[in-house]
Every structure is written in C-alpha cells, then in structure tokens.
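Structure, as structure tokens:
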Amino acid sequence: TATVAGSAADLVEALTPSATAKDALTLTVTGTATAAELKALDAKTSVAVDASGVTEITGTATELKTVLAANTAATPTITLDLTAVNLTVDGKVSAADLNAFAKATDGVVTADIEGSAAALNAALKDVDKTVDDITVTLTGTSATAKDLIELTAKVSTLDVSSLRTITGDLTDIN
C-alpha cells in the first residue's frame, strides 16, 4: 500500500515491472497522458487510478474507448474529470466513436475523419466547431449543399477536394 502522484509517464516508469494489479496503490495522475499509460497504470493497482488531474489524453480510438469505459464503469478503475479533459485521437476515427468522444467530454476533441458528407452530417450530432478541432476529408464525388453547409458549422476543417458535383437549392448553393 502506497500513495504515489505524478505524470502518467513517470508513474509507469516507476512502477514497471514491480507493481501488479494486486497492489493497493493510490495513484494520482496529473498533466497529459496517453491512453496506453493510463491503461498500464490501471493494471498496476487494485485501487481506482485518480486521473482527474489529467488535462489531455492521446490515443487510438480503441484505447480512448477503453479508458472512458473504465471511467464510466459501475465501479470505475480510472477516474477522469470529463468537464476538463481534452481527447486527441491518433489515426482515423469512425463517426460513431467521434460522436461518442465529443459527447463524453466538455473538453476539446481533436480528430481526423473521412466519409461522405451525408453520412458524416447525419452521424456527427455532438461535435461542436466552437470546442472541438475536427478535420474532415470527404470521400465520394458528390454532396448536397445542405450537408456541406451543416458540416461546415460542425467541424474545423472540411476537405472537399474529392467533390465534383454539389446539388441543392440555389439558395443553399449561393
């Protein structure tokens, strides 16, 4: 039994390889962390990892989903302050996962996503251009003006270079 505080990277280094999930370590994590580091710390103690002081978590969509699930479990094994933590997704992310991340935190979600304008516009209900930093690369060669206008209001960057045709009402196109 011990109480240890620090950055995720420092704690992982200090506890490897000696600590195990059977140890009752009270871990307090501050600063930035990778999802992999938080998962590693979770495996080093039988006590919930206090990551409420973490300001940013970076990882793949799968890793981030695991950390967020550990926070929202009936008995959380990692505790986060979702009103303050920023999430950065490494690699491409699905629309469903991106929407879930944006809904889960009040912090900034940074991610790259690709897909059709219609599908992304329909799926991205919880992203907010004023908060999140989302880069969209459209696939396909056509889109409606309505979908493009609505996506522009949701995301930071919209790459439309694949488009050859935009359809819609003249008022939407202008």
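The values are calculated or read from the model by the stated rules, or taken from the named source; none is laboratory data. Given the structure is predicted, the values throughout are model-derived calculations rather than measurements. Heads up, the Cβs are rebuilt from the backbone with ideal geometry, glycines too, and the neighbour counts pull from every protein chain shown. Protein only, heavy atoms only, side chains kept; ligands, DNA and RNA dropped before computing areas. Shrake-Rupley method; radii C 1.70, N 1.55, O 1.52, S 1.80 Å.
Below are the figures for this structure:
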{"item": "Overall form of segment 23-66 per C-alpha gyration tensor (a/c, 1.5; a/b vs b/c)", "result": "oblate"}
{"item": "Accessible area of segment 1-90 belonging to carbon and sulfur atoms, whole % at 1.4 Å probe", "result": "57 percent"}
{"item": "Nearby lysines by direct alpha-carbon distance to K125 (threshold 16 angstrom, same-chain neighbours under 8 apart not counted)", "result": "K103, K146, K154"}
{"item": "Computed label-point distance, nm, for sites D133 and D81 using a 7 Å Cα→Cβ extension", "result": "2.0 nm"}
{"item": "Options (i) 69, 25, 25; (ii) 67, 31, 27; (iii) 64, 42, 32 - which one matches Cα extents along the principal axes in Å as calculated here", "result": "(i)"}
{"item": "Helix 95-104 vs. the chain, principal-axis angle (Cα, 0 to 90°, nearest 10)", "result": "60 degrees"}
{"item": "Straight-distance crosslink candidates among lysines, where the alpha carbon sits under 16 Å from K39 and sequence neighbours closer than 8 are dropped", "result": "K22, K65"}
{"item": "Integer Hz, Karplus 6.51/-1.76/1.60 couplings in order for segment 77-87, x for Gly and Pro", "result": "9, 9, 10, 10, 9, 6, 7, 10, 7, 9, 10"}
{"item": "Summed side-chain charge close to A70 - residues other than A70 whose Cβ falls under 15 Å, Lys, Arg +1, Asp, Glu -1", "result": "-2"}
{"item": "Acute angle (nearest 10 degrees) that the helix 61-72 long axis makes with the longest principal axis of the chain, alpha-carbon atoms", "result": "60 degrees"}
{"item": "Per-residue [θ]222 nm for the chain (sum of -39500 (n - 2.57) over DSSP H runs n ≥ 4, rounded to 500)", "result": "-9500 deg cm²/dmol"}
{"item": "GNM flexibility winner over the chain from E37, E150, E63 (Cα, springs under 10 Å)", "result": "E150"}
{"item": "Heavy-atom surface of the chain, accessible at 1.4 Å and reported per residue (Å²)", "result": "49 Å²"}
{"item": "Gaussian network model of the chain, Cα within-10 Å springs - most flexible of D128, D23, D97", "result": "D23"}
{"item": "Charge context of E114, other residues only, Cβ under 14 angstrom, K/R +1, D/E -1", "result": "-2"}
